[in-house]
Amino acid sequence: MTTAKPDIYSPDLYIAGPPHELFTELRRTRPVFWQDMPGEPGYWAVLKHADVEYVSQHPELFSAESGGVVLEDMEESRLAALRGTLLAMDPPRHRAYRKPLVKSFTAKVVGGMEGRIREICREIFARLPEDGAVEFVHDVTSSLPTQVIGELMGLPPEDWSHLHRLAERTTSQQDPEVGGTEGDGYGPGAAAREMVGYAIGFAAKRRAEEPREDLTSLILESEFGGKMMTDADFGSFFMQLVTAGNDTTKTMLAAGLHALLTHPDQLAAVRADPSLVPGAVEEVLRWANPLHYFRRTATQDVELRGVRIKAGDKV
């Protein structure tokens with residue numbers, strides 16, 4: 001192990017795969033680890049499971065709302081927009097916005113969609129070439145979440161592919177091949193703004209129609225935080241549902257397949273006994289987690305593992 005201070009912020013560290021040995025050592029010696037960042041304040045990396053749970057369960061000390069959930073500081077206009085999403089809400093606002101939707105995402109409700117989800121999967125596989133290479137991320141996993149959200153929300157099927165492209169651009173801004181650039185009209189936030197605009201128009205159209213048995217009608221007819229959701233609120237909420245569902249599900253499915261291919265004994269076990277699939281899903285979520293971190297911002301001076309974290313520090 002080198003004595004030089006590791007740079008866990010640099011993407012180069014992860015090219016060959018997760019540096020498990022380094023993180024094991026840091027958890028043993030410096031479980032609350034200060035990491036510098038180029039061009040702006042650094043952050044405290046909280047590396048032990050119990051401490052991550054503590055930070056997550058004490059929003060009064062570690063806020064998602066005050067500084068957002070990404071490591072890089074955002075300009076105030078983008079941060080204000082982010083605060084309209086569940087991802088960057090603190091209680092009690094988070095609970096008030098989440099509560100009306102809980103019944104729509106129970107195991108029973110989602111299980112009732114199994115037949116249609118299987119049908120969507122078969123349609124995706126039917127479009128693949130019968131021989132030759134398949135780009136599994138973009139050809140298979142990436143379009144599935146948008147189509148399922150489309151079913152849940154009653155979106156016109158002819159709009160699904162466009163919304164999928166917008167979701168890809170929104171969550172892949174660090175990749176100019178996917179996220180686009182200023183030169184082609186897709187600078188930071190452009191795809192998200194276009195999706196919000198689509199959703200505002202969709203909400204206005206649906207308000208003029210009879211309610212349906214779908215998530216859109218539920219959202220438009222429910223109170224969130226003591227008030228009805230405006231079309232603008234719906235736009236922000238919609239953008240979060242589409243992009244968050246797209247990115248996490250796409251990544252989990254692709255990383256899960258990679259994990260099984262690199263552990264062929266586990267793949268063989270699941271193929272031989274389908275009853276192992278539920279446990280395999282949970283293990284893929286743990287082992288190939290689609291989200292590697294969330295930022296919080298300390299609301300006051302606080303101590304964690306003997307380390308003094310100052311109010312305003314990124315955590």
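The values are calculated or read from the model by the stated rules, or taken from the named source; none is laboratory data. These numbers were taken from a predicted model, which means no experiment stands behind them. Cβ placement follows ideal geometry from the backbone for every residue including glycine, while neighbour counts extend to all protein chains displayed. These area figures cover heavy atoms from the full protein model, side chains too; ligands, DNA and RNA do not enter into them. Shrake-Rupley method; radii C 1.70, N 1.55, O 1.52, S 1.80 Å.
Give me the number: length gained by fully extending E210 to R95, i.e. 0.36 nm times residue separation minus the C-alpha to C-alpha distance, one decimal in nm. Working shown, then result.
Numbers: separation 115, 0.36 × 115 = 41.40 nm, distance 2.85 nm.
Contour length minus the Cα-Cα distance gives 38.6 nm.
If you count, for each residue, the other Cβ atoms within 10 Å and average over each peptide, how do 161-171, 107-117 line up from highest to lowest?
Highest mean packing first, the order is 161-171, 107-117.
Taking 0.36 nm per residue of sequence separation and subtracting the Cα-Cα distance, how much length would be gained by fully extending the chain between F23 and E40, in nm to one decimal?
Working: separation 17, 0.36 × 17 = 6.12 nm, distance 2.36 nm.
3.8 nm is the gain from fully extending F23 to E40.
Just D214, D12, D90 to compare: in a GNM of the chain, with alpha carbon springs under 10 Å, which one fluctuates most?
D12
Quick check: pseudo-label points 7 Å beyond the Cα along Cα→Cβ at E158 and L291, how many nm apart are they?
The two pseudo-label positions are separated by 3.5 nm.
With the chain treated as a Gaussian network of Cα nodes joined by springs under 10 Å, which of S222, S66, S77 yields the largest mean-square fluctuation?
Of the options given, S77 has the highest mean-square fluctuation.
Expressed in nm to one decimal, what extension gain is obtained for the pair L13 and K108 from 0.36 nm per residue of sequence separation less their Cα-Cα distance?
Values: separation 95, 0.36 × 95 = 34.20 nm, distance 4.14 nm.
Full-extension gain reported as 30.1 nm.
From the backbone phi of the range 285-294, what are the Karplus-calculated ³J(HN,Hα) couplings (6.51 cos²θ - 1.76 cosθ + 1.60, θ = phi - 60°) in whole Hz, Gly and Pro given as x?
My calculation for the range 285-294 gives 4, 6, 7, 10, 4, x, 10, 8, 6, 10 Hz in order.
Give the distance, in whole Å, between the Cα centre of the range 220-272 and the Cα centre of the range 1-43.
Going from one Cα centre to the other spans 28 Å.
At 1.4 Å probe size, with the rest of the protein present, what percent of the exposed accessible area of the chain is carbon and sulfur atoms? Each step should come with its number before you reach the end.
On the way: 10380 of 18270 Å².
That fraction is 57 percent.
Could you give me the ³J(HN,Hα) list for the range 202-207, computed from phi with Karplus coefficients 6.51, -1.76, 1.60 and θ = phi - 60°, whole Hz, x at Gly and Pro?
For the range 202-207, the Karplus-derived couplings read 5, 4, 4, 5, 5, 5 Hz, x marking Gly and Pro.
Using DSSP to define loop residues, name the trypsin sites (Lys or Arg not before Pro) in the range 238-315 whose beta-carbon has at most 10 other beta-carbon atoms within 10 Å.
On the way: sites: K250, R271, R286, R295, R296, R305, R308, K310, K314; in loops: R295, R296, R305, K310.
The qualifying sites are K310.
List the residues of the range 39-76 whose backbone N lies under 17 Å from a point placed 7 Å from the Cα of R308 along the Cα-to-Cβ direction.
What the label zone holds, given the 17 Å backbone N cut-off, is 44.
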